[in-house]
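The values are calculated or read from the model by the stated rules, or taken from the named source; none is laboratory data. Here the structure is a predicted model, which means the values were calculated and not measured. Heads up, the Cβs are rebuilt from the backbone with ideal geometry, glycines too, and the neighbour counts pull from every protein chain shown. The accessibility values were calculated without ligands, DNA or RNA, using every heavy atom of the protein model including side chains. Shrake-Rupley method; radii C 1.70, N 1.55, O 1.52, S 1.80 Å.
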Amino acid sequence: MLARRLPSIMPPLSFAEALEVTQIHSVAGLLKDRGSLVAIRPFRSPHHSASGPSLVGGGSFPKPGEISLSHRGILFLDELTEFKRDVLEFLRQPLEDGFVTISRTRQSVSFPAQFTLVASTNPCPCGYFGDTVQACTCSPRAREQYWARLSGPLMDRIDLQVGVNRLKPEEITQQSTGEDSQAVRQRVQMARDRAYQRFADTTLRCNAEMRSEHLRQWCQLDDVTRNLLEGAIRKLGLSVRASDRILKVARTIADLAGDETLQVQHVSEAIQYRTIDRMQ
């Protein structure tokens, strides 16, 4: 349910983005009406039995797969650890480069693939590891093998790794509701506008697209914050890619707070989102 709500809090597609999405869906033969424009962000949710070609795309005359059909939208992988490991490895290049390349004997085709990956999985085979009510029945070896289905390089590319605990009975039955999507979208749009202004003289569109040179320019750290990040890198054994992604998340947290400079609380919060790294 949370994953399906994400498109409603994301900024609306710009006209240029809508054209990109429409072209991809047209090539895939998914446009219902010829000449129509895809005006809402895509949400794709392939089954865990999906093959590599169905994710990446393919065929004698290459067509885009689920990854490209999620361009400018959400690719939701439910039961992530049930996907075959070799299939999940197809995600690495598009998550890093923003496009998918399909090579055939006579031609090579590239499709754009700038999407937000959202995935969910149980914490262990029985589903109760860390639960406060039901005891886990899995052995340490079984849990290790379970998480081994996800490679380190793939997990490096997942910026937010958040555990979702069991709701208390009073939380399930309470009548109060949280913020509606429109209110959240306004905050997201304000943060995205700050990024647009920052990147006005570049080809970047959002913080996720920053490279190392951009991080040095827009994610400068004071001594206290730098020591915090260095300590996390040592303790968690983070790679350069993972540490760069922490900075991108921290930059977004600062934008949501309306802060122009990165502060220690922004980086600290971003580190806390690396839940699975802390489990290793």
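When Q114 is tested against (1) surrounded by 14 or more Cβ atoms within 10 Å (Cβ to Cβ); (2) more than 19 Å from A208 (Cα to Cα); (3) within 18 Å of the chain's Cα centre (by Cα), just one condition goes unmet, and that condition is (2). Scanning region 150-193 for residues being in contact with a Leu (Cβ under 9 Å, 6 or more places away or on another chain), open to solvent by 60 Å² or more (accessible area, probe 1.4 Å) and either modelled with pLDDT of 90 or more or more than 29 Å from V267 (Cα to Cα) (or both) gives a total of 2. Can you name every residue in region 94-109 that is closer than 24 Å to Q23 by Cα, open to solvent by 70 Å² or more (accessible area, probe 1.4 Å) and not charged (D, E, K, R)? Listed by number, the residues that qualify are F99, S103, Q107, S108.
Restricting attention to region 48-85, the residues that are over 14 Å from the mean Cα position of the chain (by Cα) and either open to solvent by less than 30 Å² (accessible area, probe 1.4 Å) or within 20 Å of R104 (Cα to Cα) (or both) total 21. Inside region 3-27, can you point out the residues that are open to solvent by 20 Å² or more (accessible area, probe 1.4 Å) and of a type in the set (G, A, S)? S8, S14, A16, S26 - these are the residues of region 3-27 that are open to solvent by 20 Å² or more (accessible area, probe 1.4 Å) and of a type in the set (G, A, S).
Output the qualifying pairs, or none if there are none: Cβ atoms under 6 angstrom, residues six or more apart or on different chains, first residue in region 95-122 and closer than 21 Å to L204 by Cβ, second residue of a type in the set (D, E, K, R). Going by the 6 Å Cβ cut-off, the qualifying pairs are L95/R157. Would you mention how many residues in region 194-226 are surrounded by 12 or more Cβ atoms within 10 Å (Cβ to Cβ) and assigned to a helix (DSSP H, G or I)? Here the count works out to 12.
In region 239-263, of all residues being among the β-branched types (V, I, T) and in contact with a helix residue (DSSP H, G or I) (Cβ under 6 Å, 6 or more places away or on another chain), the one that is least open to solvent (accessible area, probe 1.4 Å) corresponds to I246.
Residues checked against (1) at pLDDT below 95; (2) over 29 Å from R185 (Cβ atoms); (3) among the small types (G, A, S):
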residue: S26; (1), (2), (3): yes, no, yes
residue: G29; (1), (2), (3): yes, yes, yes
residue: R34; (1), (2), (3): yes, yes, no
residue: S51; (1), (2), (3): yes, yes, yes
residue: S54; (1), (2), (3): yes, yes, yes
residue: G58; (1), (2), (3): yes, yes, yes
residue: E66; (1), (2), (3): no, no, no
